[in-house]
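Structure first, commentary second.
The values are calculated or read from the model by the stated rules, or taken from the named source; none is laboratory data. Predicted model only: the values in this text are computed from it and were never measured. Glycine also receives a Cβ, built like all others from the backbone with ideal geometry; neighbour counts cover every protein chain displayed.
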Amino acid sequence: MAAIPLNELEELLALLDGVQKTRYLALASAVLLGYDYFLTLSQEIQYFWTGPWSASRVLFLFNRYFSQFVMMWSLLLLFVPHLTAEISLRYLQFCSKAIPAVFIMGYIGIAVVQAIIVLRIWYMFSNRPIARSFILAFFLATLITTIVLFKTIYADFRQVSPPVPGISNPGCSAPPSYRVWRIYLPNLILHTVLYLATTWPAFWMRRHGTRSPLMNRLLKDGGIFYVPVFASAAFTTIGALQHDPSVMIPALYANFLLSVSSVSVSRLMLSIRSLAAFLEIDSDLLLSDAELSRVQWRTGHRAGELIVEIEAVEAFDDEVLVVDANYSMHVRTHTPVLHATRVGVYEDEKMPGADKVSRVAWPTQVESKTGEVSKAPQLIVDAGQPFHLSYDFRNLDV
């Protein structure tokens, strides 16, 4: 057997070292994914196994189980029995197809994570169609760009390294590719844009002197999601730029980015669902409720009760509420107002303070300062249906 040149031997050793590190990192990623799954399984059953089907529910379940399927195949390709010089040509052909297939499935999993964040922003910007269109267009442009770039480097994934006589190497191994970083760079930019879009409403509110516990919670959850995802995406992108196989191969084939992204977005969605369940409102409504994002609130003593506090004094002109021809109520001007809001489901129960106003008939007509008479507004709520009710307490002169 001819001696292997020194430079080729160094490259081979670096390649074997990279494959071994890939196994360790892939195994750690699979453990992280499995550990988080069993740790949050009870919450998944509570919030996502029942109820009507929605886009967020479908994406959540797809992310939870598809990422585990990808990790299982990744470990299978990395830990198959040792390959020797007598390996059959059929197995080499299998590796040449399996490696790009696992890579494509890994990117699909990452795209699903991004779609979940885009859907979250879609609900948050319910009154901003331009912002919605921009985020959706940016996501689709990133997806199309990645597909086009992958077609140009697809051949790099099919070049399976043949075994070297006398050296056993478990699993399929592909030679390093120095062009794969182009795929991850657009995704790194997309994650940054999505995070900025998530945090922009909270910063805008603070700039205008408004604070909201709900927005602060969403800002905190967005930061907890973005930091590990950005760090893993940066590791994958920078690692793909390296010419050292011991760094490049783990960054490309360990699916570390998929594992971290899947765990992070699962925690994010579970956090939103738990908050929505605590407030007894729909999770989609929670993200798009403009009133809760504008005012300061705190939880009440009842389940699903929010107390909205307004420090400013609201000034009202003198108005007369006409109940009938012989009776009217004069509203005092410049009266401090306490607004209380209950968000939840109508249970046909007596609201706080109802005993104090039960003696006063609900006005059928309202007369303004100019003498114009109009029909008083009415509230009709169906039992069991979601609703948002605001009621005021004022000092009245009767």
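Descriptive notes on the structure:
- One residue alone among Val118, Val148, Val102, Val112 is of a type in the set (A, V, I, L, M) and closer than 13 Å to Ser262 by Cα, and that residue is Val112.
- Residue within region 54-77 that is at pLDDT below 95 and outside any helix (DSSP H, G or I) present: yes
- Residue within region 249-259 that is modelled with pLDDT of 90 or more and at positive phi present: yes
- Here Val112 passes the criteria (1) modelled with pLDDT of 90 or more; (2) within 16 Å of the chain's Cα centre (by Cα); (3) more than 28 Å from Met72 (Cα to Cα) except the one numbered (3).
- Leading residue by the ranking (surrounded by the fewest Cβ atoms within 10 Å (Cβ to Cβ)) among those in region 132-144 that are within 17 Å of the chain's Cα centre (by Cα) and touching a residue at least 40 places away in the same chain (Cβ under 8 Å): Phe138
- Checked against (1) out of contact with any strand residue (DSSP E or B) (no Cβ under 8 Å at 6 or more places or on another chain); (2) at negative phi; (3) at pLDDT below 80, Gly209 passes all but condition (2).
Per-residue answers, yes or no, for (1) in contact (Cβ under 8 Å) with a residue 40 or more places away in the chain; (2) acidic (Asp, Glu):
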site: Ala231; (1), (2): no, no
site: Phe235; (1), (2): no, no
site: Asp244; (1), (2): yes, yes
site: Val247; (1), (2): yes, no
site: Val260; (1), (2): yes, no
site: Leu270; (1), (2): yes, no
site: Phe278; (1), (2): no, no
site: Ile281; (1), (2): yes, no
